[in-house]
Amino acid sequence: MDTIEIIETSGDFAKQVEKLSHANLNRCWHCLACSGGCPFAEDMDFLPNVIIRMIQFGLKEKVLKSSTIWLCVGCNTCSMECPNAVDMAAIMDSLRQMAILEHYLIAEPGILSFHNSVINSIFRHGRTHKLEIMMKYKIAEKDLFSDFNLGLKMLAKKKLDLLPSKVKDKKGIKSLFNLSGGIS
Ligand code: SF4
Ligand code: SF4
């Protein structure tokens, strides 16, 4: 885990996060239940409850440039375990949005690239096409062969469809993307 060095603070940061996530940060009493239950805590540079403290201190740049916000998979375990109903998963989601919209350096660009592949697949087909997602991700990462044998095994066991399955109401799906501000 990294230590926190206070360089620059932003007083509005906590308000911004609360507005986007609809979470009340003042309810957090740092009991560590969220961090204790997070399956990815060991790999994070800051534990989830530490992220809340950093937001309260206005450490915007440090938070938005952290790996933690990208290693979070949105599993909701933390939100379910919080005794004070602080929605940590929504907070992490808001922080990712802010990091993208405000052009912060993304600490884990490979993870963002994977998210984009998934979203693009849903935009095109209305469902995820796992083979296409994996291929596009691998091409974007210039890493074509590291999982090649695993991919072949999945194809052999029919875990990957060669062709995408498409929803009938593709216009409906696209209108959802329009409502949320489009796709980059
Ligand atoms: S579980 Fe809730 S109250 Fe406890 S540290 Fe996490 S966010 Fe704060
Ligand atoms: S939602 Fe994110 S922070 Fe919360 S437990 Fe899951 S991975 Fe950890």
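List of remarks:
- Of the criteria (1) assigned to a helix (DSSP H, G or I); (2) surrounded by 13 or more Cβ atoms within 10 Å (Cβ to Cβ); (3) of a type in the set (Gly, Ala, Ser), which one Ala107 fails: (1)
- If you filter region 75-118 down to residues that are within 15 Å of ligand 1 (Cβ to nearest atom) and among the small types (Gly, Ala, Ser), you find that the one that is farthest from Leu131 (Cα to Cα) is Ala85.
- Some residue of region 71-79 being among the hydrophobic types (A, V, I, L, M, F, W, C), surrounded by 14 or more Cβ atoms within 10 Å (Cβ to Cβ), near ligand 2 (Cβ under 10 Å from one of its atoms) and closer than 24 Å to Asp12 by Cβ: yes
- Cβ-Cβ under 9 Å pairs, at least 6 apart or on other chains, region 77-96 side of a type in the set (Ser, Thr, Tyr), far side more than 9 Å from ligand 2 (Cβ to nearest atom) and in a loop (DSSP other than H, G, I, E, B): Ser79/Ala23; Ser79/Ala85; Ser79/Val86; Ser79/Asp87; Ser94/His22; Ser94/Ala23
- Some residue of region 106-119 being over 11 Å from the mean Cα position of the chain (by Cα) and within 14 Å of ligand 2 (Cβ to nearest atom): no
- Residues being more than 10 Å from ligand 2 (Cβ to nearest atom) and either among the aromatic types (Phe, Trp, Tyr) or not in a helix (DSSP H, G or I) (or both) - total across region 13-54: 11
- Annotation note: Cβ proximity below 6 Å between a residue of region 42-54 that is more than 16 Å from Arg96 (Cα to Cα) and in the same structural domain as Leu32 (by TED's automatic domain parsing) and a residue that is part of a loop (DSSP other than H, G, I, E, B) and of a type in the set (Val, Ile, Thr) (sequence gap 6+ or interchain) occurs for no pair.
The values are calculated or read from the model by the stated rules, or taken from the named source; none is laboratory data. All figures in this text were calculated on a predicted structure; none of them were measured in a lab. With ideal geometry, Cβ positions are generated from the backbone for all residues, glycine too; neighbour counts draw on all protein chains shown.
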